[in-house]
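As structure tokens, the structure follows; a few thoughts come after it.
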Amino acid sequence: MSSNQVKPKSFHSQCIGILSKYVECHDPLQFELVDMVKGVYVLRNTNTSITMDGKPHFYILQVKNSKGLFLHLSVTLKAPRHGASLETNHEFEGISVQFLQGAGRCFCRAEWDVKKSKEKLAHPQPHWHWGGDEESKETGKHDTETVVEEQGGSFLQEVAASPSKLPSIDFEEMHYAMASKWATQDSVTEDFTVQRLCNWLKNCIANVIDQYNYQVNKGVFVSSKTW
């Protein structure tokens, strides 16, 4: 059995056990299959669920003790055959946790993917995706003038005068490593096991919550480790 084989029912229970500590869940949490072909499950409240604006199956959960902080969790599990029981082994392909300020603005997401096919670029696993500035994304402009004022230099002034020289980059699609084995071997991926993923999931969520709450509360900050 390969290391990325999981039983969905058991795996879902482990994820729910972790998330229950951090989110408001007045009714039981459950996973809903929203894409049968790809095997995408999303976590939601059983009865009263909130969805992101314009996305009917993008369920978001309010984080406890955190003003305006929400998260969305999805898991991709490939079934061995059509109609396979959730008690049988599925291939774990990825998990994504998206963090939102309010019900409409996703500012970052944390992901861990397991892929069989070799891509041209091996993306770090696990990794972050950080959202760019909304105004810059809409206008396509970069705050180059500010950089010029702070650092000076003819090259930066030339770039500021000719924005077309800057390449168009979707910064949300860039993969920023969270934990990779560069220091010990030539690899950007962490070996996947369910236990490692659960440890990562718990600590990743807790640390984002603490970083967010610290920015909001400062002197009256209380760590989620005490919840």
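For this structure, a couple of remarks:
- Shape descriptor for the range 55-132: Rg over Rh equals 1.05 (Cα atoms; Rh from the Kirkwood inverse mean 1/r).
- Translational diffusion of the range 1-73, µm² s⁻¹ [Kirkwood Rh, Cα pairs; Stokes-Einstein; 25 °C; 0.890 mPa s]: 185
- Measuring nothing but how far apart in sequence close Cα pairs (under 8 Å, 6+ apart) lie, relative to its length, the range 25-118 scores a relative contact order of 20 percent.
- Computed from phi, the 3J(HN,Hα) profile of the range 103-112 under the Karplus parametrisation 6.51, -1.76, 1.60 (θ = phi - 60°) reads 8, x, 10, 7, 9, 6, 9, 10, 9, 9 Hz, with x in place of Gly and Pro.
- Note that the range 200-215 has calculated 3J(HN,Hα) couplings of 4, 4, 4, 6, 4, 4, 4, 6, 5, 4, 5, 5, 5, 5, 5, 5 Hz, one per residue in order, obtained from phi through the Karplus relation 6.51 cos²θ - 1.76 cosθ + 1.60 (θ = phi - 60°); glycine and proline are x.
- Per residue, the convex hull spanned by the Cα atoms of the range 61-102 amounts to 87 cubic angstrom.
- Separation in nanometres of the label points that stand 7 Å from Cα toward Cβ, at Lys218 and Thr51: 3.9
- Ranked by the mean number of other Cβ atoms within 10 Å per residue, highest first, peptides 89-102, 203-216 order as 89-102, 203-216.
- Alpha-carbon centroids, the range 16-67 and the range 189-206: separation in whole Å: 19
- Under 5 Å from the amide H of Gly39 lies no amide H of any residue 5 or more positions distant or on a separate chain, with H modelled from the backbone and absent for Pro and chain starts.
- Magnitude of the charge dipole for the range 1-61, about its Cα centre and with charges confined to Cβ atoms of Lys, Arg (+1) and Asp, Glu (-1), is about 240 debye.
Each reported figure results from applying straightforward, stated rules to the coordinates on display, with no laboratory input. What you see is a predicted model, and the numbers here were worked out from it, not measured in a lab. Here Cβ is always computed from backbone atoms with ideal geometry, including for glycine, and neighbour counts include all displayed protein chains.
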